[in-house]
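A short reminder: the numbers here are calculations on the coordinates, not readings from a lab. The model shown is predicted, which means the values in this text are computed figures rather than measured ones. Positions of Cβ are backbone-derived with ideal geometry, glycine not excepted, and every protein chain shown enters the neighbour counts.
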Amino acid sequence: MAPVLLKNRLNLCYIVLTIMSYSRSILITGGTAGLGYYCTIELARQFPNHQVIIASRSDSQNAAASINKLLGQNNVSYLRLDLSDLSQVRSFVQHWESNKYPPIQYLLLNAGLQFPGPVEYTVDGYEKTFAINHIGHALLFSLLVPHLAHTARIVVTSSGTHDPAQKTGLPDAKFTSAEELARPTKDSAKNPGRQRYSTSKLANVLWVYALHRRLNESKDARLKSWTVVAFDPGLMPGTGLVREGNPVVRFLWHVILPHVIPLLRVLLGTPNIRQPQVSGATLAWLASSKEASSNSGVYYEGREQIRSSEESYDLSKQDDLWDWTVRNVASTAEEVGRFSLKDV
């Protein structure tokens, strides 16, 4: 046998044996920097017997390796996932299935982007903000349904920007229908990019509540044991959220604002401005602590359970979003089964 082929087979065997040695998986999207990175550190530290997977479009900073080195462990790894391309989401799940990762105990749908400029579209023809922040995550969750542990916990990172009452400085969320968010009309395509972001964060909360109702109404004991919540980490200067912004915005966000958080709290009149290290630890707590993990179908600002926006409790909008997602994103009978929570 050629040395290179032998080496490749040995590496594959090592990966398979490593995966088999863990009792559960933890999967977090967008865990290579900022909020997700610090959350991953906390979860990997707390659960050294769990396989912790960072799923992101890239890992240019070698986040998984740096966390393993920091903790003196080897339970964090990286898998590429581009949420803007639904074919890649499907490939990701196929890889998960073929490599037989352990059941997912904690699923953190955390990745998010905003595009402040003119409307942009994905390869699938959907508006990019809505596609990444909602559609890609909804497909990922649905396809992973058979691979969730019996007592799985799902946490979706939303934002206080979804609630007009919070006066965050972003344009108010504007949810007319899921169809219009996914495929803007000529007029709605002119809406500000940051409004598309706040609306996508509203969609996150609507989806969490829609999922919770379906889990709660299910006759399947496994589904009833799952919990799902939405999380507002607060404004976190220095994270990768504005990487699509112009150079001035990126400079202020990364260089200036992280050093004046106390001043920002005074100027904006809210304590909900935090360092990503703090919010990352809170996200890990929300996923895994006994204190929080029994709660489902609720919304957290930091570690405090609060009411989300009035609009987020609109059942017709929750169902519009859910039904549109099933009709338009599920592409086969098997996928429809997973979206409808029948294929568990």
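For the peptides 218-225, 167-174, the ranking by mean Cβ contacts within 10 Å, running from highest to lowest, is 167-174, 218-225. Size descriptors for the stretch 86-233 (Cα atoms only): Rg and Dmax, in that order, 16.2, 47 Å. Each Cα pair under 8 Å and six or more residues apart adds its sequence gap; the mean of these over the residue count of the stretch 283-344 is a relative contact order of 14 percent.
Would you compute the Debye intensity of the stretch 41-129 from its alpha-carbon atoms alone, equal scatterers and no solvent, and pass along log10 I(q)/I(0) at q = 0.10, 0.17, 0.24 Å⁻¹ to two decimals? Treating every Cα as an identical point scatterer, log10 I(q)/I(0) equals -0.33, -0.84, -1.29.
Set the bar at 20 Å for Cα to Cα. Now go through 174/317; 100/128; 219/290; 174/201; 167/317; 224/290 and name every pair that lies beyond it. From the list (174/317; 100/128; 219/290; 174/201; 167/317; 224/290), the Cα-Cα distance tops 20 Å for 100/128; 219/290; 167/317.
Working from label points 7 Å from Cα in the Cα-to-Cβ sense, the residue 189 to residue 99 distance is 3.9 nm.
With a ≥ b ≥ c the root eigenvalues of the C-alpha gyration tensor of the stretch 284-330, is it rounded (a/c under 1.5), prolate (a/b larger than b/c) or oblate? Cα axes put the stretch 284-330 in the oblate bin.
Ranked highest first by the average count of other Cβ atoms within 10 Å around their residues, in what order do 59-66, 107-114, 149-156 fall? Before the final figure, lay out each step's value.
Values: 59-66: 15.6, 107-114: 25.4, 149-156: 20.4.
Ranking, from highest mean packing down: 107-114, 149-156, 59-66.
Taken over the alpha carbons of the stretch 100-155 as equal point scatterers, the Debye sum produces base-10 log I(q)/I(0) values at 0.31 Å⁻¹ of -1.25.
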